[in-house]
Amino acid sequence: MTESSVEREKQPREAVTVWDWPVRIVHWLLVVLIATSWITSEVGGNAMTYHMWSGYTILTLVVFRIAWGWVGSRHARFTTFVRGPGEVMRYARSIMGAHPSSFLGHNPLGGWSVVLMLLSVTVQALTGLFANDDVVTEGPLASRVSGETSALLTTIHNYNFYVLLALIALHLTAIAFYLLVKRENLVVPMFTGRKYVERSAQAQEPMASLWRAAVVLLIVAGSVAAVVNSS
Ligand code: HEM
Ligand code: HEM
């Protein structure tokens, strides 16, 4: 152990809340519902009713999360974790370094994987609205477009799911890498919201109000319900 890392470990540490409630709840609901969407699509038949309900909920959650990326707490905001190519490259080069990263929120590489996952989930849920299985199940907006357009969006729905699975696999690999190689457990903070940092290193910032989250969620859920019922 180098002298500086000994010094580092001597520093008193304190808990800082990094992930607010909306970020954590949306995250774990997405995990459960994406699994539900996958299983129900495999089962087919009557399970497709649940597939569609799960999809509407996912659409609501992901649009909410994107909006929260502008009006949420500090570490939920895209401006705090979406970085330019220079910073991403610098981070990528330093990743094998001895010290755990000093990023409290998403690191510059992780930030882009978050953006790509949110985009892929959005594409999946939106194309689902126009999809049809040529038998009995069709999304609520499928009849609003031509047969060819619905077929094209169904194809995108089917293939984008593999893109989403690949991004999730990468996500889990990165988390395992952090745990096993860099000895940093990122999963516990996704449940508790808290990370332990050197005292004085990062001041606790206030979390965005849950009332604000409730208003944004109501607007988003109302809009999704209006779109789904507009057929
Ligand atoms: C359907 C599967 C999953 C999807 C779509 C997904 C998506 C995401 C997204 C979008 C974020 C960013 C959070 C935000 O800022 O709102 C995130 C972060 C995170 N996810 Fe997942 N996730 C999935 C599964 C998992 C699982 C199974 C675990 C635990 C083993 C996990 C652990 C984490 C952790 C620890 C972070 C925070 C990473 C960091 O510190 O930068 N995820 N995930
Ligand atoms: C993010 C949420 C969603 C996920 C992860 C998802 C995933 C999938 C998967 C994996 C399939 C099977 C593809 C195959 O058999 O090759 C599928 C099919 C389908 N999904 Fe989704 N879906 C989602 C949202 C939706 C929504 C919101 C709707 C409509 C309201 C929808 C409607 C359909 C239909 C109609 C099919 C049958 C397409 C076919 O047979 O080719 N999905 N979905």
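Here, each number is a calculation from the coordinates, and none is a lab measurement. Bear in mind that the values here come from a model prediction, so they are computed numbers and not experimental data. Counting neighbours? That spans all protein chains shown, and the Cβs are built from the backbone with ideal geometry, glycine included.
Rounded to the nearest Hz, the phi-derived 3J(HN,Hα) couplings of region 106-115 under the Karplus curve 6.51 cos²θ - 1.76 cosθ + 1.60 (θ = phi - 60°) are 5, 6, x, 6, x, x, 6, 5, 5, 4, where x marks glycine and proline. Considering only V224, G97, H157, the residue lying farthest towards the positive end of the dipole of region 18-228 is G97, judged by Cα position with unit charges set on Cβ. The Cα-based radius of gyration of region 18-228, divided by its Kirkwood radius, gives an Rg/Rh of 1.01. Panel order for K182, K195, by other beta carbons found within 10 Å of each beta carbon, from fewest to most: K182, K195. Helix content alone sets the calculated 222 nm mean residue ellipticity of the chain: runs of n ≥ 4 DSSP H residues at -39500 (n - 2.57) each, divided across all residues, give -22000 deg cm²/dmol. Computed from the C-beta positions of S223 and R183 and an R0 of 35 Å, the FRET efficiency is 0.20 to the nearest 0.05.
Gain on full extension, evaluated as 0.36 nm per residue between S94 and A169 minus their Cα-Cα distance, stands at 24.8 nm. Helix 147-180 and the longest principal axis of the Cα set of the chain meet at an angle near 20°.
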